[in-house]
Amino acid sequence: MRDIKDLRREIDGIDDEMIPLFERRMDVAKQVAEYKHAAGASVLQSGREQEVLSRAVDRLKNKEYSNETRDFMTAVMDLSKEVQLKANPVEETARERKAFSSDAKIGFQGTAGSYSQQAAAEFFAGASGMTAYRAFGDVFDAIDKGEIDYGVVPLENSSIGSVVEVYDLLGKYNCFIVGEQWIRINHCLLGVKGAGIGDVKTVYSKAEALEQAHDFLVEGGWNLVPYANTALAAEMVAKKGDKSLAAVAARSAAEIYGLEVLADGINSDKENFTRFIVISRTLADTDADKVTVSFTLKNESGALYKVLRFFTRYGINMVKIESRPLKNNPGSYYFVVDLEGNCNSKDMIQALYYVERSTLGFKLLGEYVKNAPQEE
């Protein structure tokens, strides 16, 4: 067996030969960049990359190193592309932006006393003339038709995860996320005046709210009925005036609809927050520090890794990634990614340029100022 020192000396000697070759390759890559720029050609040439990888593997004497060779040459080509982009940096895409207005028309899903209304009121402090819509899709439709300037809808909950319908609507409509607002969720069991917990037989609320208060509700043994919205459920119970009916909703709904708070703080997770997003037809003119994008990929090994590495390469912190199935395409998915930064930064511009050209479909979903849950 050879001595480790001898083996390391041999590796150093190989590196001494490789580095000048690597430097020479980068110099040639710069010349390629100049040619492509003059010819108006894209930096990314997927057909050329496959040709280089196949050629490298074919030249191997020991085919056991085929995978390692592909990884090595892929890394070299990535560095070559980075050198090419530095030689001809990508410019920011010109996008329309609009400043927030104090007299903007605002819509939210639900009704008076809903958490969505609370989120809208906190984000648009002092705003008046808010419009309530029954369904998430109605809010997106209103944005699309120009009936309102901004819509407020929930996107995720800290206890039960994402609101998948809203993710799908973001992909369907041509609108942008321009803000976010975290709201602490404190569910109450609400009944009509004079009712007690012992009178309750049926409880109504949004399906997600029933799930968030699952432990308390199961212990009560009541019939649980999903409803369009927490506040709408409270409104319905108030109109029925039946002591056997109750709703899971915010305390504010009890005050608005004249109901009794039969139990307070019934959610299973006491640190329960919902992230609401603000959507609009145009991006906001703000000092954004968060970007959301979506993309679809080829259904092949390593496809997601090849895209996410661009964020690492340019030092972009990925806050969250969500996958959703593609409709009418079983087994295929699209991804939604939250990133720290803004579309004006040089690194974000370069990273998104690569991602857009390395995916089957790409969409900028939003650019906005991040918000954080406020602990008590």
Footprinting proxy, VAL28, VAL336, VAL291: sorted fewest to most Cβ within 10 Å, the residues are VAL28, VAL336, VAL291
Which of the trypsin sites (Lys or Arg not before Pro) across the range 43-100 are loop residues per DSSP, with 12 or fewer other Cβ within 10 Å? ARG59, LYS61, ARG95
Theoretical FRET efficiency, 1/(1+(r/R0)^6), r = Cβ-Cβ of ILE4 and THR312, R0 30 Å, to 0.05: 0.40
5 angstrom amide H check on THR131, placed H, neighbours 5+ away: ILE106, GLY107, PHE108
Please identify the trypsin sites (Lys or Arg not before Pro) of the range 271-376 that satisfy two criteria: DSSP loop assignment and at most 11 other Cβ atoms within 10 Å. Which are they? LYS327
Taking 0.36 nm per intervening residue step and subtracting the Cα-Cα distance, what contour gain separates ASP12 from LYS36 on full extension? 5.1 nm
Once phi is turned into θ = phi - 60°, what whole-Hz ³J(HN,Hα) does the Karplus curve with 6.51, -1.76 and 1.60 give for every residue of the range 76-84, x standing for Gly and Pro? 5, 5, 4, 5, 5, 5, 5, 4, 5
Listed residue (GLY198, ALA238, HIS214) projecting farthest to the positive dipole end of the range 189-263, Cβ model: ALA238
What are the ³J(HN,Hα) couplings of the range 272-280, residue after residue, when phi is run through the Karplus curve with 6.51, -1.76, 1.60 and θ = phi - 60°? Round to Hz, x for glycine and proline. 10, 10, 10, 8, 9, 10, 9, 10, 8
Please give the direction-averaged projected area of the C-alpha convex hull for the range 189-263, in square nanometres with one decimal. 4.0
Structure-derived Cα extents along the principal axes in Å - corresponding label in (i) 58, 45, 35; (ii) 88, 55, 41; (iii) 82, 43, 41: (ii)
Which lysines, on any chain, are close to LYS201 with Cα under 28 Å apart, when same-chain ones fewer than 8 places away are left out? LYS193, LYS239, LYS240, LYS243, LYS270
What whole-number distance in Å separates the alpha-carbon centres of the range 234-266 and the range 298-356? 43
For LEU224, list long-range residues whose amide hydrogen, built 1.01 Å from N in the peptide plane, is under 5 Å from its own amide hydrogen. VAL203
I want the antiparallel fraction of DSSP beta bridges within the chain, as a percent rounded to 5. 75
Residue of ASP287, ASP71, ASP168 that the Gaussian network model of the chain assigns the largest fluctuation, springs spanning Cα pairs under 10 Å: ASP71
Quick one: divide the alpha-carbon radius of gyration of the range 115-207 by 2.2 N^0.38 Å and tell me what you get. 1.31
Theoretical FRET efficiency, 1/(1+(r/R0)^6), r = Cβ-Cβ of ILE19 and THR93, R0 22 Å, to 0.05: 0.05
Provide GLU49, GLU82 in ascending order of the number of other Cβ atoms located within 10 Å of each residue's Cβ, fewest first. GLU49, GLU82
So which lysines pass the test for LYS363, namely a Cα distance under 18 Å, with those fewer than 8 places away in the same chain ruled out? LYS172, LYS290, LYS298, LYS306, LYS320, LYS327
For the range 189-263, what relative contact order do you get, as a whole percent, if you take Cα pairs closer than 8 Å and at least 6 residues apart? 49
For a test of understanding, tell me how many lysine pairs in the range 1-88 have Cα atoms under 24 Å apart, given they are 8 or more places apart or on different chains. 4
For the chain, what is the relative contact order in percent, using Cα pairs closer than 8 Å and at least 6 residues apart in sequence? 18
Between LYS98 and residues 5 or more places away or on another chain, the pairs with built amide H atoms under 5 Å apart involve LEU283, ALA284, ASP285
Restrict the search to the range 209-288; then list the GluC sites (Glu not before Pro) that DSSP places in a loop and that have at most 15 other Cβ atoms within 10 Å of their Cβ. GLU271
When only C-alpha pairs under 8 Å and at least 6 residues apart count, what is the relative contact order of the range 1-88, in percent? 40
To the nearest 20 debye, what charge dipole does the range 1-88 have about its Cα centre, counting +1 at the Cβ of each Lys and Arg and -1 at the Cβ of each Asp and Glu? 260
Counted neighbours (other Cβ, 10 Å), sorted fewest up, put HIS187, HIS37 in the order HIS37, HIS187
Hey, what do the phi angles of the range 96-113 turn into as Karplus ³J(HN,Hα) couplings, whole Hz, using 6.51/-1.76/1.60 and θ = phi - 60°, x for Gly and Pro? 5, 10, 9, 6, 5, 10, 5, 9, 5, 8, 10, x, 8, 8, x, 7, 4, x
Part-to-part distance (alpha-carbon centres) for the range 90-126 and the range 25-87, which is given in Å: 45
Taking a ≥ b ≥ c as the square roots of the eigenvalues of the Cα gyration tensor of the range 4-66, is the shape rounded (a/c under 1.5), prolate (a/b larger than b/c) or oblate? oblate
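No lab work stands behind these numbers, since they all come straight from the coordinates. Please read these numbers as outputs of a predicted model, since none were measured by experiment. Methodologically, a virtual Cβ is constructed for each residue, glycine included, from the backbone with ideal geometry; neighbour enumeration extends over all protein chains shown.
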